[in-house]
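Enquirer: Before anything else, here's the structure in question.
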Amino acid sequence: MYEVIMPKLGMTMEKGLIERWLKKEGDYVEKGEPLLEVMTDKVTIEVESFHNGYLKKILAKEGEEIPVTEVIAYIGEKDEKISEEIIKGMIKEKGEEKIEIKRREEEKVLIEEKPKYKVEEEIQIEKILKYGKEEEIEKAKVKKILASPLAKRLARQMKVDLSKVTGTGPGGRIVKADVLKAAKEVKMREAEIKEKEKIEIEREIIKKRITPEILETIPLKGIRKTIAERMYKSISEIPHFTLYVEIDISNLESLKDKLNKEIEGKKISYTDLIVKATALSLEKYPILNSTLKDDKVIIFKDINVGLATSMKDGLIVPVIFNANKLSLEEIADKRVDLVNRAGENKLELDDVSGSTFTITNLGMFEIDYFSPIINFPEAGILSVGAITKKPIVDKEGKITAEPMMKLGLTLDHRVLDGVTGAKFLQYLRKILQEPNKLV
Amino acid sequence: MREITYAEAIREALRQEMRKDKNVFLIGEDLGIYGGAFGVTYGLLDEFGEERVRDTPISEAAIAGAALGAAITGMRPVAEIMFMDFTTIAMEQIVNQAAKIKFMFGGKAKVPMVVRTPAGSGTGAAAQHSQSLEAWFTHVPGLKVVMPSTPYDAKGLLISSIRDNNPIIFIEHKLLYKTTGEVPEEEYEIPLGVADIKRKGEDLTIVATSIMVQRAISASKELEKDGISVEIVDPRTLKPYDKKTIIESVKKTGKVIAVHEACKTGGFGAEIAAMISESEAFDYLDAPIKRLGGLDIPIPYNRNLERHAVPQVEDIINAAKELIYR
């Protein structure tokens, strides 16, 4: 069993105040490890343990002032019993502590029952006046509070600090009127504070009323964080503009039905048709298949079409590479594979990198038009809305009901202007209305 | 109510007690034919005769001794010492004998005697005829000391004193004899040891005795013009005296002046001040206790000097203003 003592940290140090124990009773402590913080009159110092072992018993509590070299704790082996002598010592101390507590309580009663004519400070001052050094005496003389017994009693009752009261009696003596005045001022100040608190509370109530109550807080992380960052980057860097068209797809519909009858087991979707048509349009207008980088527009030869696909936690854009060179069947195969794997969260980095233009489709959710955010750093994104039957006036002036597809083309205005976008859409419309080109 | 003088009030008390109780008799110098040096006993000889109104030779020791002997044997003598200064001659009989008898005889003997004597200056009677020696007697266990300030108190207190079974020093004041006040015609007692609040006030307590009660009242009327409200407490009996009334008054006002004509050093004001500072009233003091008393000099013959030797109305006003400090 080792003793931990209050260390003498300086030549003149006589006592140290235990600021904080860094270990609890029962904690293992290594030699050289900080054990507690001791505050001297100048600094707070970490005291290290001199021994390896378990902190068995703390004798001096935080906030206690202990003379140097006095035992403040014991360190020992895990199962080591605290010796009887030490226990005896502790009991004795506890006994003394009890007596001390009792004495303090009695003193307290005395103070409360009988008016204490001399406050501690006064007794201290009187001691200095009697036995102190010359300069101390001078100081003490200035410090002694001159107050009538009545003023002192009232100050006690009204909890007025006489050291802060200016006496107006003979020789600057603090008299009843001074204390009453001071108490009144304190009361006024308290009332002011109360008033302020009241206003503060009212403010809090209003604040609470106008602050929506939170149902749940979801930390921004993973794919959501990536989406957030990329969307913000795109919308803040790219000046977006969108062109809308409505296209009669009755021919496309027929083609789709025909193809799906011919091919066994596979299904060509509108998405596949649009991917192919878009890829061909990009071939015709390569400026849309580009990116702006450092004052340069880089136009890609490869036409890699990204498909915005929803996942459980967000959105991902798997890529159909060189879509312009693939058959509809190939596109359909690729799409089915990518969408399935997206659903299972099994897409790899290679599947989602390298797109040069993106298509996003909300048609199945009966959305007519929407203006998406460009998949940074691309130059454009095609948004596909719902297909609905609408009355159409044909060349002979007859009205017929035809399936209409709504498309939006959102572009980077830094790279190109509306006319180019419009021409692209004209071309895309032509393909979709005369879709034989796609096969 | 009828108004009579302080001297007449005392005479009336003597007459009524003498009519009521044949054991009551008067003894002193020039009481009878002359009617007393200040005329207090004038006319009593005619009514009660030489047996009960006894003129004596000029020997205060004999007056006190004879009264004491009579008291022990069942009479109720009222002795008069012409000037309080002459009680010095009677001191052995009063202090060593009268005050002690009851105790030394284990209560079997009693001494129902009253020593009436005029004190105070203000008549140009010089150092040997002007003293106020009440503090001496308050220092002697076994004696009671009574000091009335008004005709009403004088009559009631003298009747109580005559009826009391202890030796009593009944101190009158030469300047008060001719003052007047309302006094009931019938007999009445004022209990010994009970103070009287002569005036109610809030800012300052003046504890005054004898002639100083009148001066304190005059001063308080002046002070009232300055918005200072004075409470005047007259102990009336100095031994035993009414501490409670004084303490309560001081607790209310927080400031106190004790004023008497006797010399300040060792005067009764010192007793009052000490008692207050020992009492619960200490914590109610908002200023030091102030004593006003006579200068520590023999009373001068010169009338101007005599006036300045003892507290006057203006001295009380100044002391009050000093204490109020505003």
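Taken together, the values in this text are just the output of simple stated rules run on the coordinates, not laboratory data. What you see is a predicted model; the values in this text were computed from it and never measured. Neighbour counts are summed over all protein chains in view; Cβ atoms, including those assigned to glycine, are modelled from backbone coordinates with ideal geometry.
Enquirer: What distance in nm separates the two pseudo spin-label positions at A:Leu292 and A:Met311, each 7 Å out from Cα along the beta-carbon direction?
Expert: So the two model labels end up 2.9 nm from each other.
Enquirer: Same structure, new question: Treating the beta-carbon of each Lys and Arg as +1 and of each Asp and Glu as -1, no other charges, what is the dipole magnitude of the range B:196-324 about its Cα centre, to the nearest 20 debye?
Expert: Details: 19 positive and 21 negative charges, 60 e Å.
Dipole magnitude for the range B:196-324 comes out near 280 debye.
Enquirer: Which of the GluC sites (Glu not before Pro) across the range A:239-322 are loop residues per DSSP, with 12 or fewer other Cβ within 10 Å?
Expert: Of the GluC sites (Glu not before Pro), the ones in loops of the range A:239-322 whose Cβ has at most 12 other Cβ atoms within 10 Å are A:Glu264.
Enquirer: Any lysines with Cα under 16 Å of the B:Lys221 Cα? List them, leaving off those in the same chain fewer than 8 positions away.
Expert: Filter leaves B:Lys198, B:Lys200, B:Lys321.
Enquirer: Taking only Cα atoms, what is the 0 to 90° angle, nearest 10, from helix B:151-163's long axis to the longest principal axis of chain B?
Expert: With rounding to tens, the tilt is 50 degrees.
Enquirer: While we're looking at this one, here's another question. Evaluated at 4 °C with a viscosity of 1.567 mPa s, what Stokes-Einstein diffusion coefficient in µm²/s does the range A:312-375 have when Rh comes from the Kirkwood expression over alpha-carbon pairs?
Expert: Once the numbers are plugged in, D ends up at 98 µm²/s.
Enquirer: Quick check: pseudo-label points 7 Å beyond the Cα along Cα→Cβ at B:Lys221 and B:Ile33, how many nm apart are they?
Expert: 4.3
Enquirer: Taking 4 °C and 1.567 mPa s as the conditions, I'd like the Stokes-Einstein D for the range A:176-281 in µm²/s, using the Kirkwood hydrodynamic radius from alpha carbon pairs. Intermediate results must be reported in sequence, preceding the final value.
Expert: Values: Rh = 22.6 Å.
Value of D from the Cα-based Kirkwood radius: 57 µm²/s.
Enquirer: What is the sum of charges around B:Glu314, taking Lys and Arg as +1, Asp and Glu as -1, for the other residues whose C-beta is under 12 Å from the C-beta of B:Glu314?
Expert: Result for the local shell: +1.
Enquirer: May I pose another question? What's the Kirkwood radius of chain B in Å, using all Cα pairs?
Expert: 20.0
Enquirer: How many percent of all Cα-Cα pairs in the range A:235-438 sit more than 21 Å apart?
Expert: In whole percent, the share of Cα-Cα pairs in the range A:235-438 beyond 21 Å is 52.
Enquirer: Next question, about the same structure. Place a label point 7 angstrom from the Cα of A:Phe321 along the Cα-to-Cβ direction, then list the residues of the range A:270-304 whose backbone nitrogen is under 13 Å away.
Expert: A:302-304
Enquirer: Still on this model: Determine the sum of side-chain charges near A:Arg203: Lys and Arg each +1, Asp and Glu each -1, restricted to other residues whose C-beta is under 12 angstrom from that of A:Arg203.
Expert: With Lys, Arg at +1 and Asp, Glu at -1, the neighbours total +1.
Enquirer: Return one number: the angle in degrees, 0 to 90 and rounded to the nearest 10, between the long axis of the Cα atoms of helix A:328-343 and the longest principal axis of the Cα atoms of chain A.
Expert: Taking Cα atoms only, the helix is inclined about 20 degrees.
Enquirer: Measure off 7 Å from each Cα along the Cα-to-Cβ vector at B:Ser279 and A:Met231, then give the distance between these two points in nanometres to one decimal.
Expert: 8.8
Enquirer: Can you bin every Cα-Cα distance in the range A:349-439 into 5 Å intervals starting at zero and give me the percent of pairs per bin, rounded to whole numbers?
Expert: 3, 12, 16, 20, 20, 16, 8, 3, 2, 1, 0
Enquirer: Output needed: percent of Cα pairs per 10 Å distance bin for the protein assembly as shown, bins running from 0 to the one holding the longest distance.
Expert: 2, 9, 12, 9, 7, 7, 7, 7, 8, 6, 5, 5, 5, 5, 4, 2, 0
Enquirer: So, one more: Given the options A:Ile359, A:Tyr131, A:Thr12, identify the residue whose Cα lies farthest towards the positive end of the charge dipole of chain A (+1 on Cβ of Lys, Arg; -1 on Cβ of Asp, Glu).
Expert: A:Tyr131
Enquirer: How much FRET efficiency would the formula 1/(1 + (r/R0)^6) give for B:Ile89 and B:His139, where r is the Cβ-Cβ distance and R0 is 25 Å, rounded to 0.05?
Expert: In this case the efficiency is close to 0.85.
Enquirer: Moving on. With the cut-off at 30 Å, tell me which of the pairs A:Lys301/A:Lys430; B:Lys174/B:Lys252; A:Lys184/B:Lys251 have Cα atoms farther apart than that.
Expert: Values: A:Lys301/A:Lys430 23 Å; B:Lys174/B:Lys252 34 Å; A:Lys184/B:Lys251 22 Å.
Check vs 30 Å cut-off fails for B:Lys174/B:Lys252.
Enquirer: Sticking with this structure for a sec: Which GluC sites (Glu not before Pro) in the range B:122-193 pass both tests, a DSSP loop state and at most 13 other beta-carbon atoms within 10 Å?
Expert: B:Glu185, B:Glu186
Enquirer: Restricting attention to the range B:1-82, which trypsin sites (Lys or Arg not before Pro) occupy a DSSP loop and are surrounded by at most 13 other Cβ atoms within 10 Å? Walk me through the numbers on the way to the answer.
Expert: Numbers: sites: B:Arg2, B:Arg11, B:Arg15, B:Arg19, B:Lys20, B:Lys22, B:Arg52, B:Arg54; in loops: B:Arg2, B:Lys22.
Answer in residue order: B:Arg2, B:Lys22.
Enquirer: How large is the direction-averaged shadow of the alpha-carbon convex hull of the range B:1-98, in nm²?
Expert: The Cα convex hull of the range B:1-98, projected and averaged over all directions, gives 6.6 nm².
Enquirer: Same structure, new question: Per residue of A:172-184, what is the mean number of Cβ atoms on other protein chains within 10 angstrom of that residue's Cβ?
Expert: Across the residues of A:172-184, the mean count of other-chain Cβ atoms within 10 Å is 2.
Enquirer: Another question, if that's okay. Taking just the alpha-carbon atoms of chain A, what radius of gyration and Dmax come out, in angstrom?
Expert: Here Rg and the maximum Cα pair distance are 43.3, 125 Å.
Enquirer: Viscosity 1.306 mPa s, temperature 10 °C: give me the Stokes-Einstein translational D for the range B:3-182 in µm²/s, with Rh taken as the Kirkwood radius over C-alpha pairs.
Expert: 100
Enquirer: Can you compute the helix-only [θ] at 222 nm over chain B? Use -39500 (n - 2.57) per DSSP H run of at least 4 residues, normalise by all residues, nearest 500 deg cm²/dmol.
Expert: Computed ellipticity for chain B at 222 nm equals -11000 deg cm²/dmol.
Enquirer: So how much slack lies between A:Lys301 and A:Ala177, counting 0.36 nm per residue of separation and subtracting their Cα-Cα distance, in nm?
Expert: My answer for the length gained is 35.0 nm.
Enquirer: Dividing the alpha-carbon radius of gyration of the range B:179-267 by 2.2 N^0.38 Å (N being the number of residues), what value is obtained?
Expert: Cα-based Rg divided by the globular estimate yields 1.13.
Enquirer: Taking the number of other C-beta atoms within 10 Å as the exposure measure, put B:Asp296, A:Asp368, B:Asp234 in order starting with the fewest.
Expert: If I rank by nearby Cβ atoms, fewest first, I get B:Asp296, A:Asp368, B:Asp234.
Enquirer: Is there a simple number for the mean count of other chain Cβ atoms within 10 Å of the Cβ of residues in A:300-311, and what is it?
Expert: Average neighbour count from other chains, rounded to a whole number: 0.
Enquirer: Ignore the peptide's own chain and count Cβ atoms of other chains within 10 Å of each Cβ in B:283-293; give me the average, rounded.
Expert: Mean shielding count: 5.
Enquirer: With Cβ to Cβ distances under 10 Å as the rule, what net charge do the other residues near A:Ser49 carry (K, R +1; D, E -1)?
Expert: -1
Enquirer: In a Debye calculation with equal point scatterers on the alpha-carbon sites of the range A:2-82 and no solvent, what is log10 I(q)/I(0) at q = 0.20, 0.25 Å⁻¹?
Expert: -0.81, -1.21
Enquirer: Compute the FRET efficiency between A:Arg341 and A:Lys430 as 1/(1 + (r/R0)^6), taking r as their Cβ-Cβ distance and R0 = 35 Å, and round to the nearest 0.05.
Expert: Between A:Arg341 and A:Lys430 the formula returns 0.55.
Enquirer: Now for a different question. About its Cα centre, what dipole magnitude does the protein assembly as shown give when the only charges are +1 on Lys and Arg Cβ and -1 on Asp and Glu Cβ, stated in debye to the nearest 20? Don't skip to the answer; put the middle values down first.
Expert: On the way: 118 positive and 126 negative charges, 217 e Å.
Rounded to the nearest 20 debye, it is 1040 debye.
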